[in-house]
Each structure stands twice: as structure tokens, then as C-alpha cells.
1. In angstroms, what radius of gyration and Dmax does segment 315-399 have, counting Cα atoms only?
2. From a point 7 Å beyond the Cα of Thr247 in the direction of its Cβ, which residues of segment 82-113 have a backbone N at a distance under 14 Å?
3. Where does each of Glu137, Glu648, Glu217 land when they are ranked from fewest to most other beta-carbon atoms within 10 angstrom?
4. If I take R0 = 51 Å and measure r between the Cβ atoms of Asn460 and Asp270 in this structure, what FRET efficiency does the formula 1/(1 + (r/R0)^6) give, to the nearest 0.05?
5. At Ala81 and Glu310, where each label point lies 7 Å from the Cα along Cα→Cβ, what is the point-to-point distance in nanometres?
6. If each residue's Cβ is checked for other Cβ atoms within 10 Å, how do Tyr208, Tyr103, Tyr139, Tyr544 rank with the fewest at the top?
7. Just from the alpha-carbon atoms, what are the Rg and Dmax of segment 98-196 in angstroms?
8. Please work out the FRET efficiency for the pair Asp113 and Ser282, using the Cβ-Cβ distance as r and a Förster radius of 56 Å; give the result to the nearest 0.05.
Amino acid sequence: MVTLIHDLDLNGRPSGRPLFREGINNPDRHICLHVERGRIRHVSAKMMATHTLAQLQNPAPGKDGQAASSGPASDGEDQDARSGATIVVETLKTLGVDTIFGYPGGAVLPIYDELFKQDGITHILVRHEQAAAHAAEGYARSTGKPGVVLVTSGPGATNVVTGLTDALMDSIPMVCISGQVPRGLVGTDAFQEADTVGITRPCTKHNYLVKSAGHLETVIREAFFVATSGRPGPVVVDIPKDVQVETEGDVPRLPLGDHRGYRPASSGKDAAVRKAVKALKSAKKPILYVGGGVINAGAGACDKLLKLAEKSGSPVTCTLMGLGAFPSSHPQSVGMLGMHGTYEANMAMYGCDVMLALGSRFDDRVTGRLDGFSPDSFKIHVDIDRSQINKNVKVDIPIVGNADDVLAQMLEVWDEEEISQGDQTAWWSTIGAWRGRDCLAYQQTTGDALMPQHVLKTLNDLLADRDDVIISTEVGQHQMWAAQYIGFDNPGRWLTSGGLGTMGYGLPAAMGAQIAYPDRLVIDVAGDASIQMNIQELGTLKQYGLPVKTLILNNAYMGMVRQWQDLNYEGRYAHSYSDSLPDFVALAEAYGLDGLLIEREDQLVDGLTAMIENKGAMVVDCRVKQLENCFPMVPAGAAHNEILLASESDSALTRDLSIV
Ligand SMILES: Cc1ncc(C[n+]2csc(CCOP(=O)(O)OP(=O)(O)O)c2C)c(N)n1
Ligand SMILES: [Mg+2]
């Protein structure tokens with residue numbers, strides 16, 4: 001009798017170590033045993049029924065004192081008869097997956113059947129596959145763990161394409177398992193066949209079509225490794241239905257990649273780090289420009305960033321994706337930069353002498369016109385993704401590495417370098433003057449329509465004493481106002497679609513975060529148009545009792561589109577008015593949720609308080625001033641120092657702005 005043992009090291013490679021011997025095996029039973037570095041991580045239910053964990057971890061020697069084979073049985077006797085679907089579910093468990101966001105269909109039913117038989121993984125049934133992907137993003141962004149999606153072939157897979165692209169742009173770790181038509185039908189235009197691997201190639205970090213059940217475990221492990229290592233991103237594993245049904249057999253497992261082409265960097269080159277520290281230390285007008293990569297590098301990286309900022313005394317600005325990496329309440333924070341960033345952040349980027357870019361990618365919404373971008377600064381760029389270096393902006397010191405490791409290196413070198421620190425007195429007084437412009441000021445007059453800024457400022461005030469709040473957004477003006485008026489002192493509390501700007505992201509992302517943190521207050525700040533793109537997910541909230549709050553800043557317009565039409569198309573509002581809006585309160589009630597209408601300033605505090613305190617999910621339809629524009633604004637194609645404040649906005653109407 002031969003015992004089949006999956007003896008894998010942490011990378012999933014066979015370790016070759018004898019871990020299990022014949023003696024304790026019950027010959028009637030097939031054994032499913034996953035071992036990593038000598039520790040048993042997962043044992044099949046059947047096995048657990050017959051052996052104690054102690055027995056499994058300290059197996060008795062076999063009759064001949066020999067270890068059992070550590071590879072698949074070759075003689076067909078007592079083989080592990082796991083189906084592909086079983087392997088999928090067991091491998092996910094071994095990898096620590098506790099939640100899957102998905103939607104079933106014919107090509108993925110064997111996996112759904114396996115999910116039905118177990119209780120270790122919770123499956124969240126969304127109402128649209130795009131929402132599964134965004135929910136997985138929200139789960140991933142708030143926890144730091146990969147989000148997992150399960151969809152069927154054809155339309156199931158094509159519906160996740162937006163979510164995959166979103167995750168790719170914003171570096172969110174995600175593994176999406178899709179069903180595919182049986183191998184024999186691939187390429188025949190079979191029912192619900194789509195070339196998922198072809199379609200998702202440009203919008204994933206990597207993708208696989210699995211051709212044999214024997215390859216599944218290795219492929220899934222590798223998918224998680226690729227999704228979570230280096231610059232995180234989405235990975236698709238496409239599995240034909242017959243591969244889900246067939247048993248593992250004696251197909252040799254693929255070795256888990258020691259890929260020559262994929263070796264994510266960790267620490268930066270010492271010489272470059274030292275040069276960077278010298279430059280930053282001697283700077284008179286430094287700035288730290290912080291992106292989402294620092295959040296991806298973990299809470300430890302954010303702590304180190306705080307230390308470096310305080311040692312260097314530099315102002316710190318965060319990108320839209322970086323909000324929360326550095327406390328916005330810190331005196332050195334100058335707020336968000338970029339198209340709708342603060343006046344002080346954009347001006348400081350323009351005028352600095354040394355810029356340290358950390359985990360940020362010089363996106364066009366951040367840089368504005370490239371030839372006007374921070375023209376006189378010495379630039380240092382730390383990024384884990386080599387392809388980002390010198391992509392948009394040529395830098396003086398490139399450092400390829402993980403933000404956490406590189407920040408640790410910089411802190412160490414900082415104390416060693418005896419070079420005297422640059423005098424930043426004049427710099428801070430200039431920044432003080434820029435701050436004095438009070439670029440986020442607005443006027444709320446009693447009796448007038450609610451200013452959207454005032455709604456979010458009030459919400460922020462009401463949340464001031466809480467540290468359990470997660471905010472997601474849809475896309476548009478409300479997103480930018482949320483970024484401007486809500487403060488984030490910790491990472492993982494701000495979920496937004498930065499790179500792709502996906503309307504319909506916020507509600508499912510909030511859902512994913514709420515599943516990860518059932519006791520936190522999760523609020524989706526939404527627009528009247530965006531919310532309709534995934535509003536069906538109110539049903540998912542109802543089904544799982546998720547108390548997500550949806551705060552719609554209802555201006556009856558696609559406000560951001562209307563604003564551009566205002567600035568660049570002489571106010572011709574082509575198709576940006578949201579006619580026939582639903583009654584959002586009645587709609588919430590139709591889904592079995594609570595709804596609330598806020599129309600006037602005197603209802604605001606009570607209304608928002610009711611929302612915050614509501615035990616279950618609630619949709620708040622907050623009617624705001626319809627034609628308000630979002631400022632400050634660095635118009636597309638302008639440089640940072642051409643930033644427009646609200647008070648100067650009229651001049652924009654007559655400017656000849658190039659549209660990007
Ligand atoms: C899927 C998708 N389609 C189109 C756009 C272009 N777009 C950007 S903002 C916006 C309007 C959003 O309107 P609303 O949700 O009401 O937010 P508001 O700007 O009014 O706050 C549109 C159409 C987009 N970002 N995403
Ligand atoms: Mg709107």
C-alpha cells in the first residue's frame with residue numbers, strides 16, 4: 001500500500017523530505033495531506049476522521065522502517081482520487097482563503113458543488129460578476145490579503161474584466177478562478193465559450209489555462225504567489241469543466257516556479273540608497289511624494305515612512321491611492337496632490353529641490369503637463385516595479401525595491417550619514433503662505449442648497465473620534481471631495497478606484513471590506529450616477545446582513561463630466577444630466593434596507609448621525625447643490641503652478657485647455 005503525500009515547501013515545491021510513513025495509514029482510505037516545511041497545514045476530513053493530528057505530525061515508522069513515497073503513486077494502487085474541483089477548494093484552504101466572491105454557472109458547477117460540501121470557505125453570492133471583483137478588491141485593500149473571485153465561463157468571465165483592469169491599475173492582489181468549456185470544446189464557439197486567457201491577458205498580471213487536474217494545485221499556488229508578491233495584481237486561473245471533474249491521476253505536478261523572469265525585488269541597492277539619503281538630508285526644499293505602493297508594503301512601511309518624514313522634517317503629500325499611508329492630521333502633511341489636490345501640495349511639488357517618490361508612479365493626474373512637472377528638483381524614485389522607473393518622468397536616483405525594505409535601509413543610513421541637514425525654514429514659511437490660501441474653503445449659507453463639501457466636512461467631523469471607519473467611493477466629484485474633506489490617519493481605510501476611475505466600484509468594494517471587518521463602520525460615498533452601476537448589490541447587503549452605509553451626494557448630474565463640459569465645452573451639458581433618477585429611499589426599501597432623505601442643511605447632522613448609528617445597511621439620498629464644481633483643479637494639460645482655486649475658476653472658462 002502506498003500513501004500519497006503532498007510534501008511541499010512554502011513555495012509549493014516538493015521538499016523530498018519523508019514526512020509520512022505507511023504504518024498509520026488506513027488502507028481503505030485515500031489520504032489528502034498538505035505539508036509545508038514539515039508542518040501539516042491541511043488534512044482531508046476523511047483523514048481527520050481516522051487519525052489525530054499528533055499521529056499525523058509524528059507518524060509511526062512503516063513496517064520496513066522506510067518512508068513512503070512523497071510523489072504521486074505510480075502503480076495506480078490507492079491513488080489520491082481527488083477531483084480537480086476538490087483540489088481547487090482544498091488548495092484555496094491550504095492557502096488560507098476564507099472568503100470567495102462569486103457567481104455560479106454551468107462551467108464552474110463542479111467547484112460550486114465542492115464549496116457546498118465544506119464549511120471552511122465562505123462564499124459571497126454577488127449580483128453581478130463585476131461586483132465580485134470589486135468586492136474582492138475592497139477585501140484585499142482593507143486586509144492586505146488577496147481577494148478571491150469565482151465566476152463561470154463566457155459572460156461570467158467577461159463581466160469581471162473591468163474589475164481585473166481596476167485591480168491591475170491599482171496594484172490590488174486578486175486571484176480570479178473562472179470556469180471554461182471542456183477542453184474538447186475549446187475553440188469551437190461552444191455555448192458560453194470566451195477566450196478568457198486572451199481577453200484577460202492585458203488586464204492581469206498573469207493568467208493561466210489549466211489543462212490537467214494534476215497541474216491545478218501548483219498553478220493555484222503560483223497564482224497566489226504572483227498576485228501577492230512584487231507589485232501586487234490580479235491573476236486569472238481558467239479551468240475547463242472537465243479538468244474540474246477529472247481526478248488528479250498520475251500526471252506529474254508542475255514544479256512551482258523559480259522563475260528566471262519573475263523575481264520581485266525587495267531591498268534597494270545600498271549605494272543608491274545612500275546617495276538618496278544624502279540628497280534628502282541636505283535638501284532645503286524637500287518633499288515626500290507617497291503613493292499606494294507604501295500601503296501595499298504594509299503597516300510597517302507606513303510606520304517607517306512616518307519616522308523618515310519626522311527625521312527629515314519634509315512635507316509629505318499623498319496621491320489618491322496613497323491616502324492613509326501618512327496621517328493626514330500630521331503637521332507635516334500637505335494633503336493630496338494632483339488634479340484635485342491641495343494648493344500647497346501641488347505648489348510644493350512644483351517648487352521642491354529634492355523629491356522622494358515612494359511607491360507612486362507619476363500618473364498623469366498627478367504630474368499634470370510633464371514638461372512643467374517639478375522642473376528644478378532632484379528626483380529619487382523608489383518602486384518595486386522596475387517598469388515604472390523613468391516611464392513618465394526621468395529621475396536622478398532610481399531604487400527598485402519594496403517600500404518597506406527601502407525605508408528601513410534609508411532610516412539606517414540616515415543615522416550613519418553625518419552630513420548636516422539642510423535648513424528648511426524658508427521652505428516651511430512658503431508652505432505656510434500657500435496653506436494660508438485655504439484652498440478647500442467653501443460657503444454654506446443656511447437655507448441654501450447643501451454644499452457637497454459641507455456634507456463631507458460634517459461627516460468627517462462626526463467621525464472624528466472613531467478609528468473603525470472605512471470609506472469607499474464611486475467615481476466623480478464626490479470621490480474627489482471625499483479625498484479632500486475626509487481625513488485618513490491609517491492605511492487600509494480608504495478604498496477608491498484611482499487608476500481606472502471605475503464608476504460602480506464603491507458599493508461592492510465597501511461590501512468586501514465589511515465582510516472582512518463586520519464590526520467596522522463602512523461607508524460608500526457615492527454619486528447619483530455611479531451608484532446605479534452596481535446598485536443591484538444592495539441585494540447582497542440584504543442577504544448577508546452587511547451594514548454598509550451608502551451616502552449618495554445627489555446632484556442629479558454626472559457632476560465631473562458636467563464640470564469638464566463647463567470648463568472646456570462652454571457649458572454644453574451633453575448627456576450629463578441624470579434624468580429619471582430613481583427614488584433612492586424607496587429603492588433601498590424595496591431591497592429590504594433602510595433609506596433616508598436629506599434635503600436641507602438643518603437635516604444634515606441628524607441625518608448623518610442616524611446613518612452612522614443605524615444598525616443595518618442604509619441608503620442616504622443627500623440632495624446637494626447641482627452645479628457646484630470641484631476645486632482646486634490642475635486642468636488637464638496644465639502644470640502644478642497653474643492650479644485653479646474656486647475663487648479663480650471663472651478664468652478657466654475662457655482658457656484654451658488641452659484635454660487629455
Ligand atoms: C464606468 C465609467 N463610465 C464612465 C466614466 C466617466 N465618468 C467619470 S465621472 C462620471 C460622472 C459620475 O457621476 P456621479 O456618480 O453622479 O458623480 P458626481 O461627479 O456627480 O459626484 C463619469 C460618467 C467612468 N469614470 N466610469
Ligand atoms: Mg452626480
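1. 12.0, 34
2. Only 82-87 fall inside the zone, counting backbone N under 14 Å.
3. Values: Glu137 31, Glu648 12, Glu217 24.
The order, fewest Cβ neighbours first, is Glu648, Glu217, Glu137.
4. 0.75
5. For the pair Ala81/Glu310, the computed spacing is 6.3 nm.
6. Ordered from fewest to most neighbouring Cβ atoms within 10 Å, Tyr208, Tyr103, Tyr139, Tyr544 come out as Tyr544, Tyr208, Tyr103, Tyr139.
7. Expressed in Å, the Cα Rg and Dmax of segment 98-196 come to 13.4, 41.
8. Efficiency at R0 = 56 Å is approximately 0.30.
Read-outs throughout are calculated quantities, based only on the coordinates presented, and are distinct from any laboratory measurement. Everything numeric in this text was worked out from a predicted model, so none of it was measured. Neighbour counts are summed over all protein chains in view; Cβ atoms, including those assigned to glycine, are modelled from backbone coordinates with ideal geometry.
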